[in-house]
1. Scan region 162-172 residue by residue and report those that are without any contact (Cβ under 8 Å) to a residue 40 or more places away in the chain and either open to solvent by less than 10 Å² (accessible area, probe 1.4 Å) or basic (Lys, Arg) (or both).
2. Identify, please: which residue in region 83-97 is at pLDDT below 90 and of a type in the set (S, T, N, Q) and is, among those, farthest from residue 143 (Cα to Cα)?
3. Please tell me if residue 159 is closer than 30 Å to residue 8 by Cβ, out of contact with any helix residue (DSSP H, G or I) (no Cβ under 9 Å at 6 or more places or on another chain) and either open to solvent by 30 Å² or more (accessible area, probe 1.4 Å) or at pLDDT below 90 (or both).
4. Across region 217-237, which residue is modelled with the highest pLDDT among those that are open to solvent by less than 60 Å² (accessible area, probe 1.4 Å) and touching a helix residue (DSSP H, G or I) at 6+ places or on another chain (Cβ under 8 Å)?
5. Please give the number of the condition residue 65 fails out of (1) under 14 Å from residue 221 (Cβ atoms); (2) surrounded by fewer than 19 Cβ atoms within 10 Å (Cβ to Cβ).
6. What do you reckon, is residue 56 closer than 26 Å to residue 206 by Cβ, crowded, with 18+ Cβ neighbours inside 10 Å, modelled with pLDDT of 90 or more and among the hydroxyl-bearing types (Ser, Thr, Tyr)?
7. If you check residue 75 against the conditions, is it part of a strand (DSSP E or B), farther than 27 Å from residue 171 by Cα and either modelled with pLDDT of 95 or more or in contact with an Asp or Glu (Cβ under 9 Å, 6 or more places away or on another chain) (or both)?
8. What pairs come up if the first residue lies in region 178-198 and is free of Cβ contacts under 8 Å to residues at least 24 places away in the same chain, the second is of a type outside the set (S, T, N, Q) and not in a helix (DSSP H, G or I), and their beta carbons are under 7 Å apart, counting only those six or more places apart or on different chains?
Amino acid sequence: MAIGIDTPLLRVEHVCKRFGGVQVFDDVSFAVAPGEVLGVIGPNGAGKTTLINVTSGQLAPSAGRVLLQERDVTRLPMHARARLGLVRSFQQTKTFKQASVRENIERALSFSGGLHTAAADHIDSLLDRFDLRQHLARQSDKLAYGQQKLLGLLLTCATSPRILLLDEPAAGLEGSERTRIDDFVRSAIEHFGCGVLIVEHDMDLIKRLCTRALVLDGGRLVAEGAPHEVLTRPEVLAAYLGTAHSEADEEAAAC
């Protein structure tokens, strides 16, 4: 069960990111509590993936700070944050491509220091849910795209995550595979008590899973609230989701 946002696992405070003279986003702040699923939505180019890159440690912020369970991890690299339980997935498949599914899992668990028995047990259970057990001996880049993507998600559990940052987990998946994202998120929360941040264009998934949604546009947070409420705001539908008015009206009607 989620607890109040006043006791967050993750706090991102006033972060900015610039590349030379180009400002990607400015003064972005948010928090994620245990058991919470926070959605970050907005049009292409809004800075959503860059926000995950900064939060995960793949990129250093130009200003601001990132705190994990009140520990300032702003200057820690991505691998160090991952060992502390701040873990991300990627839009594209991210596995050890020349290694088998079994070797991918072993390498991920080895990276965690081999100290996470609970993580190993959870990964073992996910093999069946994701229909990957029958492919344990198969080279990971020989899997179908959806299976590769699900394997990448499975590997994020190796460090018993406290925060999962999921960058478009449903991208490229068939409709029947997308419901497995729901299963993955809910089982991770149940097993690890983690918080989850999802960047996603699939609004149905956002509405199903997220307790809150942030709208990022032009490098600014322009709206925040329950997904069904945020997605009915005319300014969000018209400007920040990049939809035509007819499409926006359909989204609103579906909320």
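1. So the first thing to find is which residues in region 162-172 are without any contact (Cβ under 8 Å) to a residue 40 or more places away in the chain, and the list is 170, 172.
Scanning region 162-172 gives a single hit, 170.
2. 91
3. Values: closer than 30 Å to residue 8 by Cβ: yes; out of contact with any helix residue (DSSP H, G or I) (no Cβ under 9 Å at 6 or more places or on another chain): no; either open to solvent by 30 Å² or more (accessible area, probe 1.4 Å) or at pLDDT below 90 (or both): yes.
Taking the combined requirement at face value, the residue does not satisfy it.
4. Within region 217-237, the match that is modelled with the highest pLDDT is 227.
5. With respect to (1) under 14 Å from residue 221 (Cβ atoms); (2) surrounded by fewer than 19 Cβ atoms within 10 Å (Cβ to Cβ), residue 65 is out only on (1).
6. Details: closer than 26 Å to residue 206 by Cβ: yes; crowded, with 18+ Cβ neighbours inside 10 Å: yes; modelled with pLDDT of 90 or more: yes; among the hydroxyl-bearing types (Ser, Thr, Tyr): yes.
It is true that residue 56 is closer than 26 Å to residue 206 by Cβ, crowded, with 18+ Cβ neighbours inside 10 Å, modelled with pLDDT of 90 or more and among the hydroxyl-bearing types (Ser, Thr, Tyr).
7. Numbers: part of a strand (DSSP E or B): no; farther than 27 Å from residue 171 by Cα: yes; either modelled with pLDDT of 95 or more or in contact with an Asp or Glu (Cβ under 9 Å, 6 or more places away or on another chain) (or both): yes.
No; evaluated as a whole, the condition is false for this residue.
8. Within 7 Å, no pair qualifies.
The values are calculated or read from the model by the stated rules, or taken from the named source; none is laboratory data. The structure presented is a predicted model; accordingly, all values stated were derived computationally and were not measured. As a convention, Cβ positions derive from the backbone with ideal geometry for all residues, glycine included, and neighbour counts pool all protein chains shown. Just the protein is used for accessible areas: all its heavy atoms, side chains included, with ligands, DNA and RNA removed. Shrake-Rupley method; radii C 1.70, N 1.55, O 1.52, S 1.80 Å.
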